[in-house]
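Here's the structure, in structure tokens; my notes come after.
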Amino acid sequence: MARFLVVVPPLTGHVNPTLAVGAALRERGHEVAWAGPPGLLPSLLAPGATFLPTNDLDIADPIEAVRERSLGLRGPAALKFLWSDVLLPLARGMVDGTDRAVEEFAPDVLLVDQQALAGAVVARRRGLPWLTSATTSAELTDPLAALPQVDSWLRGELQTLQVEAGIDPGEAARGDLRFSDHGVLAFTTEALYGTDRTRPANVHFVGPSIGARPPDDAFPWAWLSDDLPHVLVSLGTLNAEAGERFFAAALEAFADEKLQAVVVAPPELAPDPPPNVLVRAHVPQLVLLPRMDAVVSHAGHNTVCETLTNGLPLVVAPIRDDQPIIADQVVRAGAGIRVRFGRARAADLGAAVSEVLTDDRYRDAAAVIQRSFRAAGGPSTAADVLEDLACRP
């Protein structure tokens, strides 16, 4: 049996897809451990899972504070900020702790999230095989190709990061820390990503990796009517605070409509909802989605994949980071409509929701992606790829 170390950042959306993969590996008799900053990460793991902290202190809150400063940035400025102020400092802060984790756990293979570059650095320095975990497919599209100055700057920074960690400059100049030479696990399929898109070599489209999550017995299930269509509105865990205007538009759009909407928002950002709108700070999304007929989302990769796993159409309102790319994939696949987050009016949002609810083309396209997800295999296929790498001489 083999030992696998999963290196992740302190971000829920990047940790969750690895949990089901880890469970699949453990069911086959392998040993699995997770390495990352303390705080959030241990709370996401299954009871008894092995966790190896890479930092003495929880750095999740400082990272979120930095990300909040980027809310007003767009385009090249936003991408450069993400790397210079978030991901590169995170990598430097995790290198020594990740090295200690590798020393303690002695893994045969590392699974390294694209935003936890310390894992890639340590794997290269120690000569260990590693796979990239691409929890969002945005990086596969080479989003910096149209920004050559930012791309050149980033490549230089990634080389510097490696040289600082003791890697030979010639080796540091080879390849790309974001894409392992051993392979990339992409938690999507070509039906969503697009068959005509460029992508790095040795990408494995394994489909979404969705595991069980803690139940939420507090949700008022009896509120949902069997006689009305249901719409879920969610801007994800990192963007809700920026959505006050959007939530107001949604409440106005749904008022007096023959539907029920569940809006995931801090109650103070969506006050006085109409009777057919339920506002909740948190919802059991995986359990709730089978009861929905459409989803309004910020186009976060996990929410989009969870929605399409249920064959539901989307209205996407991307805000930042990878979201515009994922929103474009949804629209190109025919599974949804895109609206502008910062300028969405109630009339626009209401019309888009009405269209995806009543035009079968959107649901049919979502069903095509749903079938591709099922065929891809998800966690089981990801475990196959990891096992294959562990068995290579």
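Go through region 221-233 and give me each residue that's in a loop (DSSP other than H, G, I, E, B) and in contact (Cβ under 8 Å) with a residue 40 or more places away in the chain. Residues satisfying the conditions are Leu224, Leu228, Pro229. Restricting attention to region 202-215 and to residues that are more than 26 Å from Pro318 (Cβ to Cβ) and surrounded by fewer than 14 Cβ atoms within 10 Å (Cβ to Cβ), the residue that is modelled with the highest pLDDT turns out to be Ala212. Just one of the numbered conditions (1) of a type outside the set (Ser, Thr, Tyr); (2) farther than 14 Å from Val231 by Cα; (3) under 19 Å from the mean Cα position of the chain (by Cα) is not true of Ala367: (3). Going by the structure shown, is Ala344 modelled with pLDDT of 95 or more and small (Gly, Ala, Ser)? No: the conditions fail for Ala344. When we screen Ala249, Ala218, Ala253 for residues that are of a type in the set (Gly, Ala, Ser), under 26 Å from Ala281 (Cβ atoms), in a loop (DSSP other than H, G, I, E, B) and at pLDDT 85 or above, the only hit is Ala218.
The single condition among (1) closer than 27 Å to Leu25 by Cα; (2) of a type in the set (A, V, I, L, M); (3) modelled with pLDDT of 95 or more; (4) out of contact with any His (no Cβ under 6 Å at 6 or more places or on another chain) that Val231 does not meet is (1). Give the residues of region 265-302 that are surrounded by 19 or more Cβ atoms within 10 Å (Cβ to Cβ) and over 15 Å from Leu224 (Cα atoms), sorted by residue number. Within region 265-302, Ala265, Leu269, Ala270, Val295, Val296, Ser297, His298, Ala299, Gly300, His301, Asn302 qualify. Scan region 303-324 for residues that are modelled with pLDDT under 95, in contact with a Pro (Cβ under 7 Å, 6 or more places away or on another chain) and crowded, with 20+ Cβ neighbours inside 10 Å and the total you get is 1. With respect to the conditions (1) crowded, with 20+ Cβ neighbours inside 10 Å; (2) over 26 Å from the mean Cα position of the chain (by Cα), Ser225 falls short on a single one, namely (1). Annotation note: Cβ proximity below 7 Å between a residue of region 345-370 that is closer than 16 Å to Val296 by Cα and a residue that is modelled with pLDDT of 95 or more and of a type in the set (D, E, K, R) (sequence gap 6+ or interchain) occurs for Ala346/Glu252; Leu357/Asp293.
Let's see how each residue does on (1) out of contact with any Pro (no Cβ under 6 Å at 6 or more places or on another chain); (2) modelled with pLDDT of 95 or more; (3) not in a helix (DSSP H, G or I); (4) not aromatic (Phe, Trp, Tyr):
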{"position": "Pro107", "(1), (2), (3), (4)": "yes, yes, yes, yes"}
{"position": "Leu110", "(1), (2), (3), (4)": "yes, yes, yes, yes"}
{"position": "Thr136", "(1), (2), (3), (4)": "yes, no, yes, yes"}
{"position": "Val163", "(1), (2), (3), (4)": "no, yes, no, yes"}
{"position": "Glu171", "(1), (2), (3), (4)": "yes, no, no, yes"}
{"position": "Leu185", "(1), (2), (3), (4)": "yes, yes, yes, yes"}
{"position": "Ala191", "(1), (2), (3), (4)": "yes, yes, no, yes"}
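For region 17-45, taking the residues that are more than 19 Å from the chain's Cα centre (by Cα) and aliphatic (A, V, I, L, M), the one that is surrounded by the fewest Cβ atoms within 10 Å (Cβ to Cβ) is identified as Ala33. Only a single criterion out of (1) touching a Leu at 6+ places or on another chain (Cβ under 6 Å); (2) of a type outside the set (Val, Ile, Thr); (3) closer than 26 Å to Thr303 by Cβ is not satisfied by Phe219, namely (1).
Checked against the criteria, Glu244 does not count as touching a helix residue (DSSP H, G or I) at 6+ places or on another chain (Cβ under 6 Å), modelled with pLDDT of 95 or more and surrounded by fewer than 18 Cβ atoms within 10 Å (Cβ to Cβ).
Out of the residues in region 1-20 meeting the condition of being touching a Ser or Thr at 6+ places or on another chain (Cβ under 9 Å) and assigned to a strand (DSSP E or B), tell me which one is nearest to Arg92 (Cα to Cα). Looking at the filtered set, the residue picked out is Val7.
Of note, Thr303 satisfies the criterion of being in contact (Cβ under 8 Å) with a residue 60 or more places away in the chain, assigned by TED's automatic domain parsing to the domain that holds Leu349 and within 13 Å of the chain's Cα centre (by Cα).
Within region 91-113, one or more residues are over 22 Å from Glu387 (Cβ atoms) and of a type in the set (Ser, Thr, Tyr). The single condition from (1) closer than 23 Å to Asp217 by Cβ; (2) of a type outside the set (Phe, Trp, Tyr); (3) at pLDDT 95 or above that Ala294 fails is (1). The set of residues from region 365-390 being assigned to a helix (DSSP H, G or I) and touching a Pro at 6+ places or on another chain (Cβ under 9 Å) comprises Ala365, Ala366, Phe373, Ala376, Pro379, Ala382, Leu389, Ala390. Take the conditions (1) farther than 25 Å from Ala120 by Cβ; (2) assigned by TED's automatic domain parsing to the domain that holds Leu386; (3) in contact (Cβ under 8 Å) with a residue 60 or more places away in the chain; (4) assigned to a loop (DSSP other than H, G, I, E, B); Gly236 misses just one of them, which is (2).
The values are calculated or read from the model by the stated rules, or taken from the named source; none is laboratory data. Here the structure is a predicted model, which is why all the values come from computation and not from measurement. All Cβ positions, even for glycine, are placed from backbone atoms using ideal geometry, and neighbour counts span all protein chains on display.
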